[in-house]
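Read through the structure below, which is laid out as structure tokens, and then see the notes.
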Amino acid sequence: MTGNNLVNEELVMAQTADNLPQDPSMLAPVGPASGKPLAQVRSNTAEEVREAVAHARKVAPDWAALDPRGRVHLLKQVRHRIYGMLDEIIQVVSEQCGKPRAEALTHDVLPTVLMLQYFERMAPRWVRPERVGRLLGPSLFATASRVEFRPFGVVGCISPWNYPFFLSFLGAAPALFAGNTVVLKPSEVTPGVGELIRRTFEPLPVGVATVVQGGGVAGAALVDAPVDKLCFIGSPGTGRKIAEAAAKHLTPVVMELGGQDAAIVCDDADLDVASSGVLWGAFMNAGQTCAAVERVYVVDSVADRFEELLVDKAASLRQDPEGEVGSLTSERQLETVRRHLADALDKGGKLLSGGLEAGRSNHNGTLWAAPTIIDGRSEEMALFSEETFGPLLPVIRVRDEDEAVRRTNEEGFNLTSSVWTRSRDKARRISSQVKAGSILINGHGHTAGAPWTPWGGVGESGYGRLNGIYGLREFLVPVNVSTSIAPGLKSLWWYPYGEPTTKTLRAFAEVMSAPKLSDKGRALKSLMSNIGGALKEKL
Ligand code: NAD
């Protein structure tokens, strides 16, 4: 069985700006870097989403029953399908998001194939049952316990538009390798990418991985279908709504939300490396990255030089599909960036580079915003309380590293953070104090693409983990199968609760809790003298 056109097979070809559809069921994206209308995609109805989930539920037992290597064999073909579509994927991701082709390749395609290949090798090992309590189980409870990792059933994945290809796979791939079927709802902002993903799923049996298209209505229908587990990647605001809707069905959710990530530049940092790393961390994907640097704390003694290097390097960034910095992807994002920048300048921020009037100007609905660096960030500014998610970087001067750590934790929420220093001790000390889901030393943000490392947030930036063994196990229920190793024997803690039984169990509690060896010894003696009577009581 191949092919996955369960629902939404319609893909209407590109139209001109004059005849954009009036039909609300059509998603009609416009290239944010070009202003050109792109292929339209039909949005699925709530009923179709429910049908997709029902079909995924029907085929789930067969997919779960497949040998893990059999699943790997089929999922490998998805990776090979991506190979055959490489140029097309780069092209479509680039034009739908407005990002440079280099970023479509390095941020969407590469981490996806790396992750798929990694799970192909590791997943069969990680889904295997494990023995636990090898010593304690048999000696204390006369049982042997095995943990079986069982798939949930149907996993619903909802993904955003900033890395529309990779982030769809980030949830869907581990769910599939774990033996779940998946219904994926990619972002309505980049529906063409959803259509590509649908094609990459074609080597899988029908219904194992289904793409449904649409916005909040389709997403809400998926949550309410309900599914057995959800993986949501998106904004904290939508995350809250989804958590509430999922609670109605007690559906467990992985929440991968946003961040206002901090970078800390210490006084002993290699400033050339730190300025290049922070520049990339702040402006990659035009700053539309959950783990983008949204504030950099620089120790005073090196702040002038750091700022100078940062500004120099920012000047060489080309805003171009063939360059380093693309356009923004959504109009809402452009408005947020402009509002945050105007407000920050109004409230004392000093413009160091870029600005509202700088860089490429916008025509026919293009969404360019220049990479912008400001000096200063304060509580009154909108960017202090909201994630910007755009190419706007405030530099904040601090007295020392302790102040930087305190402000990193107090002045925003961190999906990830970075520390820039030459000293291993300092790196260890600072990283142990920073509140974030990932802390990188002399690097920023790239570990979402390192499938062996856990990826996820703390606090406002979310909960649950993707990537690595933690990511795979998010989509597996650990079920304990406990077997008596002495089936002919009745357990000590069964009825009746006569005196020898209670004395034996009390002595056991004393052995386990007594602080002094002499007390432990006394309790052990009592245990030995009562256990025979307790066992007799059970005959
Ligand atoms: P968003 O929350 O607006 O939308 C995300 C997805 O949720 C979309 O597919 C959307 O259609 C869907 N959706 C909207 N309303 C819904 C509802 N009521 N029920 C179900 N689904 C619904 O986010 P966005 O603007 O697409 O993405 C930007 C945000 O995502 C930023 O906050 C960014 O930090 C975050 N993000 C997080 C990660 C991560 O790994 N932690 C990665 C990328 C982006």
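Assorted remarks:
Let's see how each residue does on (1) within 13 Å of the ligand (Cβ to nearest atom); (2) in contact (Cβ under 8 Å) with a residue 12 or more places away in the chain; (3) under 19 Å from residue 253 (Cβ atoms); (4) of a type in the set (Phe, Trp, Tyr):
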site	(1), (2), (3), (4)
451	no, yes, no, no
461	yes, yes, yes, no
466	yes, yes, yes, no
471	yes, yes, yes, no
475	no, yes, yes, yes
478	no, yes, yes, no
482	no, yes, no, no
485	no, yes, no, no
488	no, no, no, no
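- Residue list for the range 290-322, restricted to those being in a loop (DSSP other than H, G, I, E, B) and in contact with a helix residue (DSSP H, G or I) (Cβ under 8 Å, 6 or more places away or on another chain): 290, 291, 292, 317, 321, 322
- One residue stands out in the range 338-350 among those that are among the small types (Gly, Ala, Ser) and outside any helix (DSSP H, G or I): the one that is surrounded by the fewest Cβ atoms within 10 Å (Cβ to Cβ), namely 348.
- Criterion: touching a helix residue (DSSP H, G or I) at 6+ places or on another chain (Cβ under 8 Å) and within 13 Å of the ligand (Cβ to nearest atom) - qualifying residue of 437, 457: 437
- Any hit, the range 152-159, residues being within 16 Å of the ligand (Cβ to nearest atom), in a helix (DSSP H, G or I), under 32 Å from the mean Cα position of the chain (by Cα) and under 27 Å from residue 255 (Cβ atoms): no
- Every pair of residues 6+ apart whose Cβ atoms lie under 6 Å, when the first sits in the range 367-391 and is in a strand (DSSP E or B) while the second is hydroxyl-bearing (Ser, Thr, Tyr): 373/353
- Evaluation of residue 444 against (1) within 14 Å of the ligand (Cβ to nearest atom); (2) modelled with pLDDT of 95 or more (one fails), failing number: (1)
- Answer residue from the range 253-287, given it is part of a helix (DSSP H, G or I) and out of contact with any helix residue (DSSP H, G or I) (no Cβ under 8 Å at 6 or more places or on another chain) and is farthest from residue 455 (Cα to Cα) among those: 273
- Only listed residue being near the ligand (Cβ under 10 Å from one of its atoms) and out of contact with any helix residue (DSSP H, G or I) (no Cβ under 9 Å at 6 or more places or on another chain), chosen from 194, 219, 215: 215
- Filtering the range 105-122 to residues that are within 30 Å of residue 190 (Cα to Cα) and in contact (Cβ under 8 Å) with a residue 40 or more places away in the chain leaves 107, 108, 109, 110, 111, 112, 114, 115, 116, 118, 119, 120.
Table: residues versus (1) outside the structural domain of residue 247 (by TED's automatic domain parsing); (2) on the phi < 0 side of the Ramachandran plot; (3) crowded, with 24+ Cβ neighbours inside 10 Å; (4) not in a loop (DSSP other than H, G, I, E, B).
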residue	(1), (2), (3), (4)
173	no, yes, yes, yes
176	no, yes, yes, yes
182	no, yes, yes, yes
187	no, yes, yes, no
193	no, yes, yes, yes
204	no, yes, yes, no
217	no, yes, no, yes
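- Selection status of residue 361, of a type in the set (Ser, Thr, Tyr) and surrounded by fewer than 24 Cβ atoms within 10 Å (Cβ to Cβ): yes
- The condition of being surrounded by 15 or more Cβ atoms within 10 Å (Cβ to Cβ), in contact (Cβ under 8 Å) with a residue 40 or more places away in the chain and over 31 Å from the mean Cα position of the chain (by Cα) holds for only one of 330, 353, that being 353.
- Restricting the range 507-536 to residues that are in a helix (DSSP H, G or I) and among the basic types (Lys, Arg), the residue that is modelled with the lowest pLDDT: 536
- When residues of the range 182-225 are limited to those that are among the acidic types (Asp, Glu) and under 18 Å from residue 42 (Cβ atoms), the one farthest from the chain's Cα centre (by Cα): 195
- Apart from one condition, residue 241 fits all of (1) touching a Gly at 6+ places or on another chain (Cβ under 6 Å); (2) within 12 Å of the ligand (Cβ to nearest atom); the exception is (1).
- Scanning the range 247-269 turns up one or more residues that are touching a His at 6+ places or on another chain (Cβ under 9 Å), within 14 Å of the ligand (Cβ to nearest atom) and either assigned by TED's automatic domain parsing to the domain that holds residue 375 or of a type in the set (D, E, K, R) (or both).
- Qualifying residue in the range 84-99 (condition: outside any strand (DSSP E or B), β-branched (Val, Ile, Thr) and within 18 Å of residue 174 (Cβ to Cβ)): no
- Test: residue in the range 405-417 that is closer than 23 Å to residue 311 by Cβ and either of a type in the set (Phe, Trp, Tyr) or over 26 Å from the mean Cα position of the chain (by Cα) (or both): no
- Residue list for the range 486-506, filter: of a type in the set (Val, Ile, Thr) and either over 9 Å from residue 534 (Cα atoms) or in a loop (DSSP other than H, G, I, E, B) (or both): none
- Residue check for residue 513: among the polar types (S, T, N, Q) and exposed (fewer than 11 other Cβ atoms within 10 Å of the Cβ): yes
- Subset of the range 115-132 [surrounded by fewer than 16 Cβ atoms within 10 Å (Cβ to Cβ) and not in a strand (DSSP E or B)]: 117, 121, 125, 128, 129
The values are calculated or read from the model by the stated rules, or taken from the named source; none is laboratory data. This one's a predicted model, so the numbers in the text were calculated from it and none came from an experiment. Cβ coordinates were reconstructed from backbone atoms using ideal geometry, including for glycine residues, and neighbour counts include every protein chain displayed.
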